[in-house]
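Everything below concerns the one structure shown next.
The values are calculated or read from the model by the stated rules, or taken from the named source; none is laboratory data. Note that the coordinates shown come from a computational prediction; the quantities given were computed from them, not determined experimentally. Glycine gets a Cβ as well: all are built from the backbone with ideal geometry, and neighbour counts include every protein chain shown.
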Amino acid sequence: MYPISYIEPIFRPPSEWKSLILQVTNGCSWNKCTFCDMYTQPQKRFQPQDLSAIEAQLKQIVEAGYPVYRVFLADGDAMTLSVRRLHEILDLLNRWLPHKPRVSAYCLPRNLRNKSVDELRELREKGLSLLYVGCETGDNELLTLISKGESFDSSLDALQKMHAAGIKSSVMVLNGLGGPELSERHALESARLMNAAQPHYLSTLVVEFPNGTQRFNDPFDGRWRKLGKLELFREMETFLTALELKNTIFRSDHASNYLVLKGVLSKDKESLLNIIRTAIHQPGRIPLREEWQRGL
């Protein structure tokens, strides 16, 4: 839609499909997670983009008359940039887009380690209002196995900082990440993390490996395999049963999911659990995505 040249490939959250994707960094500053192949190509080596190039793109879009209602700061973790650089980017956005569209970005918990609540609040006042956080799991052993570089505590600290600053959080948890051996603990520890954090949005994706599983499998020493549909549904049942959320918008409708779930927790918790239990105990009653309909 927008006339911008990117360093491909570009990834964004599904809900940002109408947004201006502004590539303020290239790649991911961590890029060690074994489940993720998004930024492993040579051209995706992490690098901040020049402010002059960012402004030139904004100028081109505005002068061409393209409407901008939302802006997503790409790539993998733009929040790794310094507070000073983030202020400069938001100042550019406010100069060229004075109507102040919603600004969002991907964020690793580690990105906020050296950013204070007051600093985040200042960024919020300039328009940064939503961060997408891939927590993946709340289980510390699993976080180590997948080389996430995070812990239960580091994830919770980042989410609490965001909320204290008035920035909304959209958290992702990966269904099936722990395989059969760690499935229950993955579900329960992830629920414990979400209960402590109370995110504004929560989504689940089914873990998939389009480039093969060897890189992911090796640290498990043969303990991991991909979960089948019923195992995925049982893990989701355990996860949702343990959730005690007050007003979180929940989505499990990504293309990777077999079973589509949407609701507000806790209001819709029992109805969502009924759908899952029907899918488990009465196969065929709940429509599922076929394999050809699924994607990462």
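Among the residues of segment 69-84, is any under 23 Å from Pro210 (Cβ atoms), surrounded by fewer than 18 Cβ atoms within 10 Å (Cβ to Cβ) and either assigned by TED's automatic domain parsing to the domain that holds Asn211 or among the charged types (D, E, K, R) (or both)? No. Among the candidates Cys28, Cys33, which residue alone is part of a loop (DSSP other than H, G, I, E, B), touching a Gly at 6+ places or on another chain (Cβ under 7 Å), among the hydrophobic types (A, V, I, L, M, F, W, C) and at pLDDT 95 or above? Selected residue: Cys28, the only one of Cys28, Cys33 that is part of a loop (DSSP other than H, G, I, E, B), touching a Gly at 6+ places or on another chain (Cβ under 7 Å), among the hydrophobic types (A, V, I, L, M, F, W, C) and at pLDDT 95 or above. Within segment 248-276, the residues that satisfy the criterion of being over 24 Å from Gly295 (Cβ atoms) and in contact (Cβ under 8 Å) with a residue 40 or more places away in the chain are Thr248, Leu265.
Annotation note: Cβ proximity below 9 Å between a residue of segment 4-15 that is closer than 11 Å to Met38 by Cα and a residue that is among the charged types (D, E, K, R) (sequence gap 6+ or interchain) occurs for Glu8/Lys44; Pro9/Lys44; Ile10/Asp75; Phe11/Asp75.
Residue check: Thr25 meets all listed conditions (1) in contact with a Pro (Cβ under 7 Å, 6 or more places away or on another chain); (2) among the hydroxyl-bearing types (Ser, Thr, Tyr); (3) surrounded by fewer than 16 Cβ atoms within 10 Å (Cβ to Cβ) but one, namely (3).
Tell me, yes or no, whether segment 219-239 has at least one residue that is touching a residue at least 12 places away in the same chain (Cβ under 8 Å), among the polar types (S, T, N, Q) and within 23 Å of Phe35 (Cα to Cα). Yes. Considering every residue within segment 31-53, establish whether at least one is β-branched (Val, Ile, Thr) and either under 27 Å from Gly212 (Cβ atoms) or in the same structural domain as Leu174 (by TED's automatic domain parsing) (or both). Within segment 31-53, one or more residues are β-branched (Val, Ile, Thr) and either under 27 Å from Gly212 (Cβ atoms) or in the same structural domain as Leu174 (by TED's automatic domain parsing) (or both). Among the residues of segment 201-217, those identified as out of contact with any helix residue (DSSP H, G or I) (no Cβ under 8 Å at 6 or more places or on another chain) and in contact (Cβ under 8 Å) with a residue 12 or more places away in the chain are Tyr201, Ser203, Leu205, Val207, Glu208, Pro210, Asn211, Thr213, Arg215, Phe216.
Of the candidates His186, His99, the single residue that is farther than 26 Å from Gly27 by Cβ, surrounded by fewer than 18 Cβ atoms within 10 Å (Cβ to Cβ) and over 14 Å from the mean Cα position of the chain (by Cα) is His99. Against the criterion of being of a type in the set (Val, Ile, Thr) and at pLDDT 95 or above, Val117 qualifies. Residues in segment 243-255 that are surrounded by 18 or more Cβ atoms within 10 Å (Cβ to Cβ) and in a loop (DSSP other than H, G, I, E, B): 3 in all. Within segment 145-183, the set of residues being over 16 Å from Ala105 (Cα atoms) and touching a residue at least 60 places away in the same chain (Cβ under 8 Å) comprises Leu145, Ile146, Ser147, Lys148, Gly149, Val173, Leu174, Asn175, Leu177. When Tyr39 is tested against (1) at pLDDT below 95; (2) closer than 24 Å to Arg124 by Cα; (3) of a type in the set (Phe, Trp, Tyr), exactly one condition is not met: (2).
Yes or no, residue by residue, for (1) in contact with an Asp or Glu (Cβ under 8 Å, 6 or more places away or on another chain); (2) assigned by TED's automatic domain parsing to the domain that holds Val206; (3) among the acidic types (Asp, Glu):
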position: Ile146; (1), (2), (3): yes, yes, no
position: Asp157; (1), (2), (3): no, yes, yes
position: Lys161; (1), (2), (3): no, yes, no
position: Ile167; (1), (2), (3): no, yes, no
position: Val171; (1), (2), (3): no, yes, no
position: Glu184; (1), (2), (3): yes, yes, yes
position: Leu193; (1), (2), (3): no, yes, no
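Note on segment 111-123: residues that are surrounded by 15 or more Cβ atoms within 10 Å (Cβ to Cβ) and either small (Gly, Ala, Ser) or in contact with a Phe, Trp or Tyr (Cβ under 7 Å, 6 or more places away or on another chain) (or both) total 0. Within segment 210-249, the set of residues being closer than 15 Å to Ser266 by Cα and of a type in the set (Phe, Trp, Tyr) comprises just one member, Phe239.
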